[in-house]
Amino acid sequence: MKQQIDETLSWGKQRMNDKALIELVTHKVLEQLEQGEPCGGCALRMCEAGQRACDTVAQQQKIPVGVSARHAHVTQEHLEILYGEGHQLTVHAPLYQPGAFAAKETLTVVGRRMQPIEGLRILGPVRDYSQAELARTDAIRLGLNPPIRDSGDLAGSESIVLIGPKGSIHLEEGAICATRHIHMTPQNAENWGIREGDLLKVRIPGERALTFENIHPKISPSYVPQMHLDTDDANAAGLRGGEGVELLKDERYLSGVQSRDNSAD
């Protein structure tokens, strides 16, 4: 009986047609693509390894949405003041961008109203600047009016205090609301006709449909495509993270982009 089964399997393999082979190879390739780390990059969802919503969207040639909760970036010097000499950030969850992670370390932040917000997570690795990125509703609670800025653009930003278990830091300039932005590779930018300094525009479909403008491209070979919104913008559009969007084209946004130099009406 076993011999008959083996002969049947052998015959079946020999008779496998090209279509079946292609389907098998495709299945194996997709399995490899889905072999990855989990992702904790969105405030409103957590994706398991091999089931990252943004991966599925990217395979559909759309730009996935990542929802960023309030968080901090710190220098190594400030980390050691906040958490003790020689302290190193420890990974809590990988983020979607390669090499980035949500750290286990969290901070308390205080503004002019002296009403603290606890549990502000540090994102790693350490940076060459320290800042707190807040949604507007966070800033209101703290009594702050932070400017909308790219990460690291801190000149003239709001003052804020970061408190850790071992110490505190008063940043004279350090609180911002992050600009809407899309991470992309240079090849993505070339394909989409985007340059540094352009402003992008996307339409969010659905029951709470919105059009977002003034989205900054962030271009680097180390990035993968993803649009980052804070929790205020995401909640306004009914987004959880992992949804797909496309650049919007109209008479003002040639190929989905508007130059900052020509943004005034």
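General remarks:
- Filter result for the condition that a residue is assigned by TED's automatic domain parsing to the domain that holds residue 108, surrounded by fewer than 20 Cβ atoms within 10 Å (Cβ to Cβ) and within 24 Å of residue 94 (Cβ to Cβ), over 125, 147: 125
- Of all residues in segment 109-129, none are among the hydroxyl-bearing types (Ser, Thr, Tyr) and farther than 23 Å from residue 174 by Cα.
- Of the residues 175, 155, 189, the single one that is out of contact with any Cys (no Cβ under 8 Å at 6 or more places or on another chain), assigned to a helix (DSSP H, G or I) and in contact (Cβ under 8 Å) with a residue 12 or more places away in the chain is 189.
- For segment 183-235, the set of residues classified as of a type in the set (S, T, N, Q), more than 14 Å from the chain's Cα centre (by Cα) and under 27 Å from residue 139 (Cβ atoms) consists of 211, 214, 235, listed by residue number.
- Enumeration of residues in segment 226-265 that are β-branched (Val, Ile, Thr) and at pLDDT 50 or above: 231, 245
- Selection within segment 118-144 - touching a helix residue (DSSP H, G or I) at 6+ places or on another chain (Cβ under 6 Å) and within 14 Å of residue 162 (Cα to Cα): 130
- The residues on offer are 67, 109, and the sole one that is aliphatic (A, V, I, L, M) and within 20 Å of the chain's Cα centre (by Cα) is 67.
- So residue 191, is it surrounded by fewer than 18 Cβ atoms within 10 Å (Cβ to Cβ), among the polar types (S, T, N, Q) and on the phi > 0 side of the Ramachandran plot: no
- Residues in segment 204-234 that are among the basic types (Lys, Arg) and surrounded by fewer than 14 Cβ atoms within 10 Å (Cβ to Cβ): 208 only.
- Within segment 40-68, restricting attention to residues that are over 18 Å from residue 99 (Cβ atoms) and among the basic types (Lys, Arg), the residue that is modelled with the lowest pLDDT is 45.
The values are calculated or read from the model by the stated rules, or taken from the named source; none is laboratory data. Source: prediction; values computed, not measured. Cβ sites come from the backbone with ideal geometry, for glycine too, and all protein chains shown count toward neighbours.
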